[in-house]
Amino acid sequence: MTSDITVNQLSAMGEENAEYLLSLIRTIPGFPKEGINFRDFMPVLADAKGLSILIDALVESLPVAPDEFDVVAGLESRGFLIGVPLALRLGKGFVAIRKAGKLPPPTKRMEYSLEYGTAAIEIEDQAVRPGERVLIVDDLIATGGTAQAAEKLIQEHGATVAGFSFVMELAGIPTPPSIGQHKRSSLLTMPA
């Protein structure tokens with residue numbers, strides 16, 4: 001199969017499974033705006049075999065060993081879809097990091113910059129305890145703004161970020177230096 005997506009963790013899934021996974025990812029040119037190729041990995045989740053390959057590969061390519069973190073935190077919204085089955089497979093709890101205004105109080109909030117403006121994410125005050133080690137998961141890392149905001153929220157709770165696990169990353173886009181200080185993994189890389 002010809003694709004501009006690079007499989008970073010081929011050993012975690014094998015060539016046949018990697019090809020199957022790539023066959024499920026759709027590329028939508030010009031979405032959400034002209035000049036962007038949106039990568040839709042929702043068909044992976046809708047396919048039992050694809051979902052199994054994805055979660056198995058995430059487990060095999062964790063940036064740190066399972067005994068080096070206590071809980072999995074997923075970023076809204078696709079981070080929830082992969083974070084929950086990953087946490088379940090690893091025997092860990094799951095914490096939701098949501099867009100502002102979606103969780104009942106009390107919460108902690110962190111604003112971060114977007115290309116045009118700002119956004120905010122929140123976490124429930126008691127969701128993460130001081131001293132806990134947290135693996136942050138999401139579907140995609142691009143500029144890293146949301147991941148960095150999540151890192152700060154975890155630290156505000158007195159917990160530590162054990163690492164970051166992503167399904168996809170965009171090539172050639174620099175991430176914040178604090179993200180680079182942590183171990184991280186991604187299954188796939190694609191052009192921005």
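Residue by residue, here is whether (1) buried (at least 22 other Cβ atoms within 10 Å of the Cβ); (2) of a type in the set (D, E, K, R) holds:
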position	(1), (2)
Ala147	yes, no
Ile154	yes, no
Gly158	no, no
Gly163	no, no
Phe166	yes, no
Leu170	no, no
Pro176	no, no
Ile179	no, no
Lys183	no, yes
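Out of (1) assigned to a loop (DSSP other than H, G, I, E, B); (2) modelled with pLDDT under 95; (3) within 24 Å of Ile55 (Cα to Cα), what's the single condition that is false for His182?
(2)
Checking the conditions here, which among Asp40, Asp70, Asp47, Asp4 is in contact (Cβ under 8 Å) with a residue 24 or more places away in the chain and over 27 Å from Glu124 (Cβ atoms)?
On the way: Asp40 fails: in contact (Cβ under 8 Å) with a residue 24 or more places away in the chain; Asp70 fails: over 27 Å from Glu124 (Cβ atoms); Asp47 fails: in contact (Cβ under 8 Å) with a residue 24 or more places away in the chain.
Every option except Asp4 fails the conditions.
Starting from segment 131-147, keep only residues that are farther than 18 Å from Lys183 by Cβ, then list their pairs with residues that are in a helix (DSSP H, G or I) whose Cβ atoms are within a distance under 7 Å, requiring at least 6 positions of separation or different chains.
Hits for this filter: Asp139/Arg78; Asp139/Gly79; Asp139/Ile82.
Filter segment 41-66 down to the residues that are within 20 Å of Thr27 (Cα to Cα) and either among the hydrophobic types (A, V, I, L, M, F, W, C) or in contact with a Ser or Thr (Cβ under 6 Å, 6 or more places away or on another chain) (or both) and list them by number.
Those that are within 20 Å of Thr27 (Cα to Cα) and either among the hydrophobic types (A, V, I, L, M, F, W, C) or in contact with a Ser or Thr (Cβ under 6 Å, 6 or more places away or on another chain) (or both): Phe41, Met42, Val44, Leu45, Ala46, Leu51, Ile53, Leu54.
Out of the helices (runs of 4 or more DSSP H) lying entirely within segment 18-117, which hold 1 or more residues that are of a type in the set (Gly, Ala, Ser) and surrounded by 19 or more Cβ atoms within 10 Å (Cβ to Cβ)?
Passing ranges, in order: 48-60, 78-90.
Out of Phe41, Phe31, report the one residue that is within 17 Å of the chain's Cα centre (by Cα) and hydrophobic (A, V, I, L, M, F, W, C).
Phe41
What are the residue pairs meeting all of these: first residue in segment 170-184, first residue touching a residue at least 24 places away in the same chain (Cβ under 8 Å) and within 8 Å of Ala142 (Cα to Cα), second residue of a type in the set (A, V, I, L, M) and in a helix (DSSP H, G or I), Cβ atoms under 8 Å, and 6 or more apart or on different chains?
Final answer for the pair search is Thr175/Ala147.
The values are calculated or read from the model by the stated rules, or taken from the named source; none is laboratory data. The model shown is predicted, which means the values in this text are computed figures rather than measured ones. Cβ sites come from the backbone with ideal geometry, for glycine too, and all protein chains shown count toward neighbours.
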